[in-house]
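Note sheet for the following structure.
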Amino acid sequence: MSAAEQIGDLRKKVEHHAHRYYVLDSPEISDTEYDRLFRELQDLEAANPDLADPNSPTARIGGPPVSGFKPHRHRVPMLSLDNALGVDELRAFDERVRKALGTTEPVEYFAELKFDGASISLTYIDGVLSTAATRGDGTTGEEVATNARTIRGVPLSLQQPLLGLIEARGEVVMFKDVFKALNEERLARGEQAFANPRNTAAGGLRQLDPTLTAKRKLTFFGYGVGAVELRGGQRRLADTQSGILARLRELGFSVHQGSRVVRGFDEMLAFVDEIHEARPHLPFGIDGVVIKVNDLDLQENLGFSARGPRWAVAYKYPAEQAFTRLNKIFVQVGRTGAVTPVADLESVYVGGATVTRATLHNYNEVLRKDVREGDIVIIQRAGDVIPEVVGPVLDRREGDLPIPVEPTHCPECETPLVRTSGEVALRCPNKNCPAQVQAKIRHFVGRRMMDIEGLGEKLITRLLEESYLTDLPSIYRLKDRRQELIELDRLGELSVDNLLAGIEASKTNSLDRFLFGLGIRFLGERGAQELARDLRTLDAIRHADYDTFLAVPDCGPRTASELQEWFEEPANMQMLDEFLALGVEPTEAAAPTSDLFAGQSIVFTGKLEKFTREFAEELVMNMGGKPAGSVSKSTSFVVAGPGAGTKLAKAEQLGVKVLTEDEFLDMLPEGSI
Ligand code: IVH
């Protein structure tokens, strides 16, 4: 084989495997093998400089630096979208569309994620990437082809022959894990952390040195086309938006599989809600969803307004980041004694809620990020995650602000703080520290633990002050103080009786809730469920050894040794005895009613109509199976209700079996529900 043939052959192979990996998410060879092929190609190209080609996959690590970006005029302008803020505006969009189309029937839309990155237009001539450009002002952008070649999901040449020209349009994003790793590296080098993945992706696209773009490991997601001028006069890739995206995927672009056809307003809304819920768990950032009329003829009928297409709308979710002033850094002591610096903030609306406090994790982070009292900081609140301080806006720092000092003593009980070797967190070693006891009680009475209503943070503090509460078992002695409680801060008879009734009722809660409530390190809700299910009684758990814990499903060495230590500690055993003496008898876990789902991992998704998710998951557990939150290759099957989205798509992609709710019910032995 000639060098030219050999190089051609290798280029095809490397591109094929990059496509399998980045677009189809199903590699055929190991990373090492891929690296070997890649290096072989690099070596051959180095030995044969006359055979250089800008579209060789070796361009993916970045070509030589450029001195500036040339302007690029888009053949078809890159428009932006009208925003719908809130459900009413979304409904108004649907009504406008139906009115303009003169129909009362539900319209077919294609619902997509609104990727939070930077848009890009990729021009292919005769199937080969010829130019790439940023959006710019919509008419003219900057030519960034060398950078675009380093982006995952951008084919250097199309997977199928296509004579003529197309502009593929989409968004360049940075995955959250890539962003995190990049920032760790920067902080370790003493550099400022990047604020968010969007700006980092946009900045990455505009690096003069393409190897720097390559280092940012950006990903492209296609969402449409601009100009289509194919040989033979063809002006469309397909007749629907869903068809266009399917074609783009066939051609080698990465296209996110979470999009789907929705009919009418209700289905549109279900998609909006579902993606909102999935948002914090997605591997990349989105700032909303985009709803597009699916049929291209109807799109043409609707046309454009000055602002953008009349056939599409962007529904925005609340921003997950905001700026505000950090007034003070104070120290919080958690239930395990961990000492956390917390920022007291000027209140700010972020991620759909008003935030006045945000965690700073630990003092190492405070120093690494160089956060100081008085700074304007970036606050992040994604989904249910505790709000956190991302970092300061250094340009807005006024004057010399003092560097925060790590405390040496517990702010609550003044015990000297300790640091366990290998851990960054400081700890208050005093088990009776009032702050710890308070946090422990708060956890114990929580909704997913013992679920004792009426025992809120303020009341716990008061009862600790009065020494009516001293530790967890003392909750069950409150009943002896009914009269004092009624008189305390004029709580009143009714609320005290309700509280005491709630406390009594919790005595027979299930074992897993009780175990979770104890606040043992590393033992989460699922872990407690597995433990209760496997060992069945509190007595058995008390007498279990390390190996027994390790044999519990999903219990790793770290949790097993923590459990062993906890149940060996005399003070803890004394506490359990006290609970028992006070009549706390967590009920034993029910024996599995059958082993129908033994060893199986099952995912429920979509809007379940025949049963609740909790019910189904409990049923699966009782039959020896494991309900899981996400779909992977090891998922046994997925039960999908109406409106199922990303998880269903993932299952289909991986070839995992999908059942309807009825099919699932049919599997169950008679009389089991
Ligand atoms: S369609 C004419 N689809 O949002 C329609 N845009 O405000 C053009 N974006 O500049 C855009 N995800 O960068 C479309 N699935 C998606 C999108 C998307 C993100 C960005 C895009 C555009 C902006 C519109």
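Some notes on this structure:
- Remark: accessible surface ordering of Glu588, Glu184, Glu670 (largest first) is Glu670, Glu588, Glu184, probe radius 1.4 Å.
- Here is how the number arises for the chain: DSSP H runs of 4 or more residues each give -39500 (n - 2.57), the sum is divided by the residue count, and the result at 222 nm is -10500 deg cm²/dmol.
- Counting 0.36 nm for each residue step from Asp126 to Arg542 and taking away their Cα separation leaves a gain of 142.6 nm.
- Residue-normalised accessible area of the chain, given per residue in Å² at a 1.4 Å probe: 49 Å²
- Lys, Arg +1 and Asp, Glu -1 on Cβ, resulting dipole of the chain about Cα centre, debye, nearest 20: 1940 debye
- In angstrom, the C-alpha Rg and Dmax of the chain are 29.4, 96.
- Annotation: the antiparallel percentage among DSSP beta bridges lying fully within the chain is about 85.
- Of the DSSP H helices in the chain, those whose Cα atoms cover at least 20 Å axially and whose Kyte score averages -0.5 or more: 264-278
- This model, with +1 at the C-beta of Lys and Arg and -1 at the C-beta of Asp and Glu, gives the stretch 354-426 a dipole about its Cα centre of some 160 debye.
- Counting only heavy atoms of the protein chains and using a 1.4 Å probe, His19 has close to 20 Å² of accessible surface.
- The stretch 352-494: proportion of alpha-carbon pairs further apart than 28 angstrom, %: 40 percent
- Summed residue charge, Cβ within 15 Å of Pro416's Cβ, Lys/Arg positive, Asp/Glu negative: 0
- The value obtained for the stretch 20-109, namely the Cα convex hull volume divided by the number of residues, is 254 Å³ per residue.
- Distant alpha-carbon pairs in the stretch 439-582 (separation over 17 angstrom), percent: 61 percent
- Of the three principal axes defined by the Cα atoms of the stretch 171-277, the extents in descending order read 53, 41, 18 Å.
- Computed from the C-beta positions of Asp497 and Glu588, the FRET efficiency with R₀ = 30 Å rounds to 0.50.
- The shape of the stretch 68-219 comes out oblate: with a ≥ b ≥ c from the C-alpha gyration tensor, a/c is at least 1.5 while a/b does not beat b/c.
- Using 0.36 nm per residue and subtracting the Cα-Cα separation, the extra length available between Arg73 and Ile29 on full extension is 11.8 nm.
- Peptide packing: for 156-166, 566-576, 508-518, the average count of neighbouring Cβ atoms within 10 Å per residue gives the ranking 508-518, 156-166, 566-576, highest mean first.
- Spacing of the two label points (7 Å from each Cα toward its C-beta) at Leu101 and Ser634, in nm: 4.5 nm
- Each residue was assigned an accessible area with a 1.4 Å probe, and for Glu487 the value is about 130 Å².
- Full extension of the chain between Val393 and Lys610 gives 73.1 nm of extra length, using 0.36 nm per residue less the Cα-Cα distance.
- Heavy-atom accessible area ranking, 1.4 Å probe, most first, across Ser630, Ser254: Ser630, Ser254
- Percent accessible area from carbon and sulfur atoms, the chain, protein chains only, probe 1.4 Å: 49 percent
- Prolate/oblate/rounded label for the stretch 432-523 (Cα gyration tensor, a/c 1.5): oblate
- Residue order for Tyr124, Tyr315 - accessible surface, 1.4 angstrom probe, largest first: Tyr315, Tyr124
- Overall form of the stretch 369-421 per C-alpha gyration tensor (a/c, 1.5; a/b vs b/c): oblate
- In summary, the stretch 343-400 shows an alpha-carbon radius of gyration equal to 1.10 times the 2.2 N^0.38 Å reference for compact globular proteins.
- Highest-first arrangement of 39-48, 113-122, where packing means the average Cβ count within 10 Å: 113-122, 39-48
- Ordering of 455-465, 369-379 by packing is 369-379, 455-465, highest average first (other Cβ atoms within 10 Å, averaged per residue).
- Point-to-point label distance, Ala47-Glu618, nm (Cα→Cβ direction, 7 Å offset): 6.9 nm
- Solvent accessible area, Å² - Thr32, 1.4 Å probe, full protein context: 100 Å²
The values are calculated or read from the model by the stated rules, or taken from the named source; none is laboratory data. What you are looking at is a predicted structure, and each value in this text was computed from that prediction instead of being measured. All Cβ positions, even for glycine, are placed from backbone atoms using ideal geometry, and neighbour counts span all protein chains on display. Each accessible area value is taken on the protein alone, full model and side chains, heavy atoms only, with ligands, DNA and RNA left out. Shrake-Rupley method; radii C 1.70, N 1.55, O 1.52, S 1.80 Å.
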